[in-house]
Every structure is written in structure tokens, then in C-alpha cells.
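**Student:** What follows is a single structure, and I will ask about it in a moment.
The values are calculated or read from the model by the stated rules, or taken from the named source; none is laboratory data. All of these numbers come straight from a predicted model, not from anything done at the bench. All Cβ positions, even for glycine, are placed from backbone atoms using ideal geometry, and neighbour counts span all protein chains on display. The accessibility values were calculated without ligands, DNA or RNA, using every heavy atom of the protein model including side chains. Shrake-Rupley method; radii C 1.70, N 1.55, O 1.52, S 1.80 Å.
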Amino acid sequence: MPPMPLDLAHPILAAVALAMAAALAIVARRRGIALPTGAMAAGLLGALLIALVAGGPRWRMPDRAVAVVMVDLSASTRGAQYRDPANLRRRIGELLDGAPHRIVYFAATHVDSPPAAGADLPGDQTLFDPPADAPAVVLFSDGRFDLPAAAPPVFAVIDPALTNAADGAVRDLDANAGRIVADIAIDGAARTARFAGAAPDESRTIDSPGARLSAALDLDADRVGVRLDPGDLWPENDAMAADVIPADARPWWVSDRPAPAGFVAIDPSRLAGDPAAYLGASVIVLDNIPADALPATAAERLMQYVRDLGGAVVLGGGDRAFASGGYANTALESLSPLSSVPPTPTTRWLIVADASGSMAELAGDGGASRWDRAIVAVRAAVDSLPPEDPVRVGSFARDSTWWAPTQPARLVRRAPLPPPTIVPTGPTNLDAALEDLSAAAAAAGDMPTRCLLLTDAQAPVSDPAGVAERLDAKGVHLHVLLIGDGPGAAALRLIAGSTGGSLVPQSDPARWADAMGELVRAASANPLRTDPVALESTPRLGAWPTAPVAPWNRLWLKPEATALADVAGEGTVMIAEHRVGVGRVIAIAHRAAAGDLAKLARRVERAPRDPRFTVIRRRDRGWRILVESTDPADWNDVHAVVLRAIDGTDTLLPRVGPGRFAVTLPAGGARLLRVIVEGRLVDWIAIPRSYPIEFDAVGTDVKSLAELAARTGGAVVGPDFRRPLKLPRPTRAVDVTPPAALLAALSLAGALALWRRG
């Protein structure tokens, strides 16, 4: 039924006015007011017109507003018939039959002029945004866009070339469990797919609509890819590349000995600083490796590998491991279940630095004085001591000064050194300094005492043999860092040798800190024992070689660790294990045979990821990432699940259900992401380098266009439809209040005139 040509802007006001007019007519009739028939008719007409005026009358007239023809020139519509200007004009002529219209071209933006013939409008995703004031939209598109919330009636024209678009595309790519897996869709002629990162490089011919291809992964590859040979109008979706996260990680062997069969030999200096590299290690064996042989970041990466990724490490002993390898106060010491330092104090330490005036001189470029360098060396010595050993630190010039009372090394590390009142000044008095060391050593009681002396020896020693005798009688070993060749150098060398100490000459101030660490190691009780001992294994370890071993490292079991083997009849632990985060570490106090180390490594090796969580990745207008727990009840208190990129950028995953968190990431370059739950890393995931979502699907989405037409009151126009479309006829409203008011006035005036005449 066609709409009424007249309507009211304010129908309620019109109804009120009409009711009032009716009430007046009823009152007049009841009071018997006699009016001529003509006057009564004119009065009623005037009252009706007044009610009409109160309602704001509008008269709807046919409008000449033009329809909008929207032409999709996004990349996914390549090959459409309507992209040929002649075909487009012909089809518009069939459907509009000369009706006024204007054309809008669109992809990611909307323009009024088309690009060069056959060219695409730029954009990674099509945006359909019809003008709200258009009476109707005639749409030429494949429907590969998000439907708008509101739109005028849309008449979607189906293009036959897009209905049968032939396209081949790589939908997904993954490298896992030693295999490269690619999901490929083919619509049209057979295509050839070529792998990169496979062993050997492979190519496959695909002639089915959908195929999942698999190829052996080159174990040295850190990135894989797959590409279809050219064969369609959309080469953008013919390839993908991804970083490798191997599920079947391999054991690493870090040693100066040949790697056992199946292990990957890695030089300690080449241990990676990139956390992602450690996903390829099922277990890492460090066989008699000193701490300073590792790159600066590698020790911390080993800690992350065990603690966060659930990896496993085996620490093998020897003459360059544990205390002999400088593990104290390093990440390797934190990893080990066997401590390089005893749990109780064993040695008293006296550390004295030369604070005479010569130490105020500059120490080369940079503005630091020799005194500044000496303080750094003293701090390095304190940092390398066992944490519970008592330490007293002081300085000397003309007289000796102790900076603080004797305290455990862990407390001295926190103290400000030196006190602000200590500055280099005055002459050197080595005699007084050595006598003060002797007196301080006497107060140590039965505990062995080690004295560390940093000096340039710019003073003689009057009785070196007597000093050596007194120190030796008290069990004091003097260790000297000689930073100059003053008159007292020969005497200090004699005293150090006579007391069982050592002397390290070092004139380069930049190397004093390292030299002081060397001095501490020389002064420490020899951690490497040479007496052969037989091992006795626990049932937890099982069979282990019982032949006597030597040399071996003297180590101590940490409180949370579990002993696996000890010295037979003595109880000294030789093999132990413990957990660090979600990973495990085994330490061996002697240099075991390579085959025995390999057995221990196989005992603890595991894929470096948390099995309590599942991470799912799928292509869905970008990449949909779903993280879920194998036991959702465990996630009642979980609030923060994030994806963290290598550069530290975080993406929060909203909760989508019990124990389930998900987010959609845009397509783009290859990314390696950490999955972090409540601050704890549980897995890694590789996002392939892939094409924009514009190429996720090619060909007309008839279902989407039908929904758009039904939602807006339009229609789907098939290729065989050749008649003009019955587009909505637009109208415009004309305000007729003035003429209605004039007619009302004339009607009332006429009624009054007829009444007076009658």
C-alpha cells in the first residue's frame, strides 16, 4: 500500500486540537445555538483546518534524489566483469534504465573517480560505508567486508567472474616436531608448492581443493616458508614464512670433549643471548665449564630456560667448574643444587687497601683516580667471598684504619665502602700495616685467616723475616695485589711466600678488580680434592659407576635439593638435583665420563614448554590466539594472560570462558611471542609472516551479500537479471502549514459572515 501523501509532524497536537473543536461543537449543540447550515459547515471546516495546522501538516512529493552505485575496486575483486568500464556501463544501464545516479568507487577508502584501467584501489581491508542519505545503493562487490550497522536498501549485483574465482592460497604454516606443515587451498588448476627450510628442499604438486602438506625440517633452519608457483590473480596469498619452534628439541653439549651421539656440540662462547634459541634445547650439559667462559647474557638465559621454559641443565664438575670455575655469586651458582661455598663460615678475611697520597693520582683516562680503582677492586673481592665468612675491611697510610667491625660478607656487600672520611693522603707505612694485620689475625681465634693487601709498596719493610714468622705462627696467609714496584715489593714477596700466600703483580688499574678476584681464588681453600673416592648412588639415581673418582669438587647440598649419590661411608654429596621454577638441574661434583653425563641428561631432558597449558593458533581475519588450561578450575584466580613480543611489547588476552583467554592479532610480519600467565612464561608461539586479510578469501561471499540485502530491505541481483530494478521512490516533505492556516481563517470568516446574514 503506497504511503499517504499527507502526514503530520505533530500528530498528538493535532488530536488535541481536534478534540477541543469537537468539544465546542457538542457544547454549542446542547445549548441550542442555531446556525445556518452553511455557517455550520464553514465553521466545522475551519475547526478541522486549525487542528491540522496544530499538527504541522506536510505534503510528500516525488523527489529527484539519485541512487548511489558503489563499485568495489579492492584487490580481492580482480577479474570481475564490472571492472571493465564498458561492462559496468552496460550493466548499470540494464538495472537503472536511465534513472539518475552517481558512482562511488571504494576499497579501504571511497573516491569519486576510478584509478587507471585495471588498477586496484589501495588498502589491506575493504570498508563498505554507504551514504546514509542515499535512497538506494546498487552494489558491485564480492562482499568481503564487515557488514555496516545501518545502510539504505542495498541491491547487491552478483558478478559471474567472481562467483567462480580460481585462486590458490597458503592458509597456515607451522614448524613443529621436526616437520614443516602447510595448509593450502586450491580452487582451479593444479599448483606446485615449494618449501624453504626443509631437508632437503622439496616441492609438491597439489590438485585437490584443500591439502595439508608436510616436509622434514632442516634442523639447522631457524625459519621456514612455503610458496605456490604463480598461477592466479592474487599472488599476495601464495606464500607464508614462520620462525621455527621445534617440539622435538635436541640435547646440547657444552664441553671441550666431543659430543655423545645425538647431542649438538656448542662452544660456550656461542651460547645464545636470544631466549627463543633455547626452545630448541631439550637439555643443556655444561661439562667442566668456568663461569667466565660464557657470554655475559648466557648465564641469565640459562636461568630463564630452566625457570620459565621448564628446561633441564646438567652441571658437570672438574678443575674449571663450581668454585674452581668462579661460580660463586653467579647465575650458575643459583642454578646448581650443590653449593660452591660452605653453608657455615670457614675462613676469616682481612682486606686492606693502600690509602697513601700516591693513590690520589689519576689512573689513566676517564678522570678516575687510583684510589677509585682500588675501591672497585676491594668491592670485587668482598663480592666473591662466601656469604657467611667474616670479613673486616680497612686501609692504611701512615696509620691503619678499619672501616667497620667484622661482619659476614653478605652484610659487608651492602655497606657503603669506604666511609666518607677515608681519603688517600700521607706516606706509606708498611711496617705498621703489617703489625696491625698480625694483631687483627690474633683476634680471630682458631679460624684460619686470609689477609688480602693492595699496595704499591712505596715504603720499605724493616724486618720481613720477623713479620713472616709472626704471621705464620698465627696461621695467617698473606696475599698481595702489588700495583707498583716500590721499595717494599721484595719484602712483601718474601712474606707472602713464607706464609703460604701469593703475590699478583698488576700495574694496570683497569684490571685491579679482576686481579683481586684471582687473589681471592688463590687465597681460598682449594675446592678441588685430589684424593680418590668411591661413589654410592641412591635408589632414586639407580646404577652409577662405583670406581673411585679423582679429582672432585668439594660441594655442599642446598636445603631444597635431593641427593642422588655421595661418597661411600662419608656422606659427602657428589650428585644432586633440584627444581628451579618449572625446570630441573642436576649437578655432579666430579668429571664424569661423557657417556655417564649423557645418561643423566636423558634422565631430565624435556620439551621446554609447560604441559598444563594449551596454546591454539588459527587464521581468522588475522590470527586468533587461544590460551586455555587443561584444568579450568585452576584458573579461577588468573587475571593476566599476555603475549609478549621479543621487544617486550605486551598484548593482553581477554577472558572468553572458564580457563580460556583469546585475542585476534592482525596479519603482518613473522613474530615470535611468549605466552605469559600471571607473570610466568608457559609457552612460545610463532605467528607466520602472512598477507593482509583482504586476501584471506577470494570470490563472492553470496551469504554475506544476501544478509546485507535482507537487513536493509534490498535484494540480491543475479547475473541473469536484466530488467530495471524497482528501487524505492524517494519523496520530499513540503510544509503546508501556511496555506492550511489561510484556509482555516477563510473558513471561519465565511462561517461568521453566513451566521450574520442568516
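**Student:** For the list (1) over 48 Å from the mean Cα position of the chain (by Cα); (2) more than 23 Å from residue 6 (Cα to Cα); (3) open to solvent by less than 90 Å² (accessible area, probe 1.4 Å), I need the number of the one condition that residue 737 fails.
**Tutor:** (2)
**Student:** Sticking with this structure for a sec: In this structure, does residue 287 turn out to be among the charged types (D, E, K, R) and crowded, with 22+ Cβ neighbours inside 10 Å? Spell out how you get there, then give the answer.
**Tutor:** Working: among the charged types (D, E, K, R): yes; crowded, with 22+ Cβ neighbours inside 10 Å: yes.
Considered against the rule, which asks whether it is among the charged types (D, E, K, R) and crowded, with 22+ Cβ neighbours inside 10 Å, residue 287 comes out as yes.
**Student:** A further question on this structure: Hey, can you tell me all the residues within segment 476-489 that are surrounded by fewer than 22 Cβ atoms within 10 Å (Cβ to Cβ) and either among the polar types (S, T, N, Q) or touching a helix residue (DSSP H, G or I) at 6+ places or on another chain (Cβ under 8 Å) (or both)? Show your work before the answer.
**Tutor:** Applying the first criterion (surrounded by fewer than 22 Cβ atoms within 10 Å (Cβ to Cβ)) to segment 476-489 yields 477, 484-487, 489.
If the condition is that a residue be surrounded by fewer than 22 Cβ atoms within 10 Å (Cβ to Cβ) and either among the polar types (S, T, N, Q) or touching a helix residue (DSSP H, G or I) at 6+ places or on another chain (Cβ under 8 Å) (or both), then 477, 484 are the ones that fit.
**Student:** Moving on. Going through segment 640-663 one residue at a time, which ones are more than 15 Å from residue 687 (Cα to Cα) and over 8 Å from the mean Cα position of the chain (by Cα)?
**Tutor:** 640, 641, 652, 653, 654, 655, 656, 657, 658, 659, 660, 661
**Student:** Let me ask something else about it. In segment 664-683, what residues are aliphatic (A, V, I, L, M) and not in a loop (DSSP other than H, G, I, E, B)?
**Tutor:** Taking segment 664-683 and keeping what is aliphatic (A, V, I, L, M), we get 665, 667, 670, 672-673, 675-677, 681-682.
Correct list: 665, 672, 673, 675, 676, 677, 681, 682.
Residues are listed down the side, and each one gets a yes or a no for (1) exposed (fewer than 15 other Cβ atoms within 10 Å of the Cβ); (2) more than 28 Å from the chain's Cα centre (by Cα); (3) over 30 Å from residue 110 (Cα atoms); (4) in contact (Cβ under 8 Å) with a residue 24 or more places away in the chain:
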position	(1), (2), (3), (4)
142	no, yes, no, yes
156	no, yes, no, yes
186	no, yes, yes, yes
203	yes, yes, yes, no
226	no, no, yes, yes
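**Student:** Restricting to segment 512-555, what's the tally of residues that are part of a strand (DSSP E or B) and under 26 Å from residue 351 (Cα atoms)?
**Tutor:** Start the filter on segment 512-555 by keeping residues that are part of a strand (DSSP E or B), which leaves 528-529, 533, 535-537, 549, 552-553.
Those left that are additionally under 26 Å from residue 351 (Cα atoms): 528.
Here the count works out to 1.
**Student:** Please indicate, with yes or no, whether at least one residue in segment 695-708 is among the aromatic types (Phe, Trp, Tyr), surrounded by 16 or more Cβ atoms within 10 Å (Cβ to Cβ) and either closer than 30 Å to residue 622 by Cα or in contact with a Ser or Thr (Cβ under 6 Å, 6 or more places away or on another chain) (or both).
**Tutor:** Here is the first cut: in segment 695-708, the ones among the aromatic types (Phe, Trp, Tyr) are 695.
Remaining after also requiring surrounded by 16 or more Cβ atoms within 10 Å (Cβ to Cβ): 695.
Still in the running and either closer than 30 Å to residue 622 by Cα or in contact with a Ser or Thr (Cβ under 6 Å, 6 or more places away or on another chain) (or both): 695.
There is at least one residue in segment 695-708 that is among the aromatic types (Phe, Trp, Tyr), surrounded by 16 or more Cβ atoms within 10 Å (Cβ to Cβ) and either closer than 30 Å to residue 622 by Cα or in contact with a Ser or Thr (Cβ under 6 Å, 6 or more places away or on another chain) (or both).
**Student:** Which of the residues spanning segment 451-466 are part of a loop (DSSP other than H, G, I, E, B) and crowded, with 19+ Cβ neighbours inside 10 Å? So that I can check it myself, show each step before the final result.
**Tutor:** Step one: of segment 451-466, the residues part of a loop (DSSP other than H, G, I, E, B) are 456-463.
Residues satisfying the conditions are 456, 457, 458, 459, 461.
**Student:** Taking segment 467-511, which residues are touching a Ser or Thr at 6+ places or on another chain (Cβ under 7 Å), in a strand (DSSP E or B) and farther than 20 Å from residue 371 by Cα?
**Tutor:** Residues satisfying the conditions are 476, 477, 478.
**Student:** Inspect all residues belonging to segment 569-582 and state whether any of them is β-branched (Val, Ile, Thr), surrounded by 17 or more Cβ atoms within 10 Å (Cβ to Cβ) and modelled with pLDDT under 80. If you could, list the steps in order and put the result at the bottom.
**Tutor:** Going through segment 569-582, the residues β-branched (Val, Ile, Thr) turn out to be 572-573, 575, 580, 582.
Adding the requirement that they be surrounded by 17 or more Cβ atoms within 10 Å (Cβ to Cβ) leaves 572-573, 575, 580, 582.
Narrowing the set further to residues that are modelled with pLDDT under 80 leaves 582.
Scanning segment 569-582, I find at least one residue that is β-branched (Val, Ile, Thr), surrounded by 17 or more Cβ atoms within 10 Å (Cβ to Cβ) and modelled with pLDDT under 80, so the answer is yes.
**Student:** Would you point out the residue of segment 271-302, among those that are in a strand (DSSP E or B) and among the small types (Gly, Ala, Ser), that is farthest from residue 515 (Cα to Cα)? Lay out the reasoning, then the answer.
**Tutor:** Just the residues of segment 271-302 that are in a strand (DSSP E or B), to begin with: 281-287.
Checking which are among the small types (Gly, Ala, Ser) leaves us with 281-282.
Details: 281: 36, 282: 38 Å.
Step by step, filter segment 271-302, then rank; the result is 282.
**Student:** Taking segment 93-129 as the search range and keeping residues that are free of Cβ contacts under 8 Å to residues at least 24 places away in the same chain and open to solvent by 70 Å² or more (accessible area, probe 1.4 Å), which one is farthest from the chain's Cα centre (by Cα)?
**Tutor:** Filtering segment 93-129 for residues that are free of Cβ contacts under 8 Å to residues at least 24 places away in the same chain and open to solvent by 70 Å² or more (accessible area, probe 1.4 Å), the one farthest from the chain's Cα centre (by Cα) comes out as 98.
**Student:** Within segment 679-694, is there a residue that is surrounded by 20 or more Cβ atoms within 10 Å (Cβ to Cβ), polar (S, T, N, Q) and at pLDDT 85 or above?
**Tutor:** yes
**Student:** Related question: Could you tell me whether segment 699-706 includes any residue that is touching a residue at least 40 places away in the same chain (Cβ under 8 Å), within 23 Å of residue 277 (Cα to Cα) and of a type in the set (S, T, N, Q)?
**Tutor:** No, every residue in segment 699-706 fails to be touching a residue at least 40 places away in the same chain (Cβ under 8 Å), within 23 Å of residue 277 (Cα to Cα) and of a type in the set (S, T, N, Q).
**Student:** Let me ask you something else. Working only within segment 396-439, note down all residues that are within 19 Å of residue 523 (Cβ to Cβ) and among the hydroxyl-bearing types (Ser, Thr, Tyr).
**Tutor:** 406, 438
**Student:** List pairs: first residue in segment 263-286 and modelled with pLDDT under 85, second residue hydroxyl-bearing (Ser, Thr, Tyr) anywhere in the structure, Cβ distance under 8 angstrom, at least six positions apart or on different chains.
**Tutor:** Pairs found: 272/278; 273/297; 275/305; 278/305.
**Student:** Pick out the one residue from 97, 63 that is on the phi > 0 side of the Ramachandran plot and at pLDDT below 90.
**Tutor:** On the way: 63 fails: on the phi > 0 side of the Ramachandran plot.
Exactly one residue qualifies, and that residue is 97.
**Student:** Mind telling me which of the residues 618, 602, 606 ends up being in contact (Cβ under 8 Å) with a residue 60 or more places away in the chain, surrounded by fewer than 18 Cβ atoms within 10 Å (Cβ to Cβ) and part of a loop (DSSP other than H, G, I, E, B)? Let's see the steps before the verdict.
**Tutor:** Working: 618 fails: part of a loop (DSSP other than H, G, I, E, B); 602 fails: part of a loop (DSSP other than H, G, I, E, B).
Answer to the selection: 606.
**Student:** What pairs come up if the first residue lies in segment 231-249 and is part of a strand (DSSP E or B), the second is at pLDDT below 90 and of a type in the set (Gly, Ala, Ser), and their beta carbons are under 7 Å apart, counting only those six or more places apart or on different chains?
**Tutor:** Correct list of pairs: 240/690; 241/670; 242/175; 242/670; 242/686; 243/670; 243/686.
**Student:** May I ask you to list pairs of residues, at least six apart or on different chains, whose Cβ atoms are under 7 Å apart, with the first in segment 35-58 being touching a residue at least 12 places away in the same chain (Cβ under 8 Å) and on the phi > 0 side of the Ramachandran plot and the second being open to solvent by less than 70 Å² (accessible area, probe 1.4 Å) and outside any strand (DSSP E or B)?
**Tutor:** Here the result reads 56/9; 56/737, each pair linking segment 35-58 to a residue that is open to solvent by less than 70 Å² (accessible area, probe 1.4 Å) and outside any strand (DSSP E or B).
Here is a yes/no grid of residues against (1) under 23 Å from residue 321 (Cβ atoms); (2) in contact with a helix residue (DSSP H, G or I) (Cβ under 6 Å, 6 or more places away or on another chain); (3) of a type in the set (A, V, I, L, M, F, W, C):
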{"site": "199", "(1), (2), (3)": "no, no, yes"}
{"site": "207", "(1), (2), (3)": "no, no, no"}
{"site": "243", "(1), (2), (3)": "no, no, no"}
{"site": "251", "(1), (2), (3)": "yes, yes, no"}
{"site": "266", "(1), (2), (3)": "yes, no, yes"}
{"site": "274", "(1), (2), (3)": "no, no, no"}
{"site": "284", "(1), (2), (3)": "yes, no, yes"}
{"site": "296", "(1), (2), (3)": "yes, no, yes"}
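**Student:** Filter segment 504-522 for residues that are at pLDDT 85 or above and hydrophobic (A, V, I, L, M, F, W, C) and give the result.
**Tutor:** Selection gives 504, 510, 512, 513, 515, 516, 519, 520.
**Student:** Out of 249, 215, 221, 239, I need the residue that is open to solvent by less than 60 Å² (accessible area, probe 1.4 Å) and under 18 Å from residue 619 (Cα atoms). Which one?
**Tutor:** Numbers: 249 fails: under 18 Å from residue 619 (Cα atoms); 215 fails: under 18 Å from residue 619 (Cα atoms); 221 fails: under 18 Å from residue 619 (Cα atoms).
It is 239.
**Student:** Then there is this: Looking at this structure, is residue 88 assigned to a helix (DSSP H, G or I), among the hydrophobic types (A, V, I, L, M, F, W, C) and touching a residue at least 24 places away in the same chain (Cβ under 8 Å)? Outline the logic, then answer.
**Tutor:** Numbers: assigned to a helix (DSSP H, G or I): yes; among the hydrophobic types (A, V, I, L, M, F, W, C): yes; touching a residue at least 24 places away in the same chain (Cβ under 8 Å): yes.
When the stated conditions are applied, residue 88 passes them.
**Student:** Those residues that are touching a strand residue (DSSP E or B) at 6+ places or on another chain (Cβ under 6 Å) and either at pLDDT 95 or above or not aliphatic (A, V, I, L, M) (or both), I need them from segment 136-159; list them, please.
**Tutor:** Taking segment 136-159 as the starting set, the residues that turn out to be touching a strand residue (DSSP E or B) at 6+ places or on another chain (Cβ under 6 Å) are 136-141, 152, 154-157.
If the condition is that a residue be touching a strand residue (DSSP E or B) at 6+ places or on another chain (Cβ under 6 Å) and either at pLDDT 95 or above or not aliphatic (A, V, I, L, M) (or both), then 137, 138, 139, 140, 141, 152, 154, 155, 156, 157 are the ones that fit.
**Student:** Out of everything in segment 621-648 that is closer than 30 Å to residue 697 by Cα and open to solvent by 70 Å² or more (accessible area, probe 1.4 Å), what residue ends up being modelled with the highest pLDDT? Talk me through it step by step, then tell me what you get.
**Tutor:** The initial filter retains those residues of segment 621-648 that are closer than 30 Å to residue 697 by Cα, namely 621-628, 642-645.
Narrowing further to those that are open to solvent by 70 Å² or more (accessible area, probe 1.4 Å): 621, 644.
Values: 621: 80, 644: 85.
Once the filter is applied, the top-ranked residue is 644.
**Student:** Does residue 171 count as within 30 Å of residue 221 (Cβ to Cβ) and open to solvent by 20 Å² or more (accessible area, probe 1.4 Å)?
**Tutor:** Details: within 30 Å of residue 221 (Cβ to Cβ): yes; open to solvent by 20 Å² or more (accessible area, probe 1.4 Å): yes.
Yes: the conditions hold for residue 171.
**Student:** Select from segment 648-667 the residues that are aliphatic (A, V, I, L, M) and under 15 Å from residue 679 (Cα atoms) and list them in ascending order.
**Tutor:** Let us first name the residues in segment 648-667 that are aliphatic (A, V, I, L, M), namely 652-653, 656, 662-663, 665, 667.
Across segment 648-667, the qualifying residues are 652, 653.
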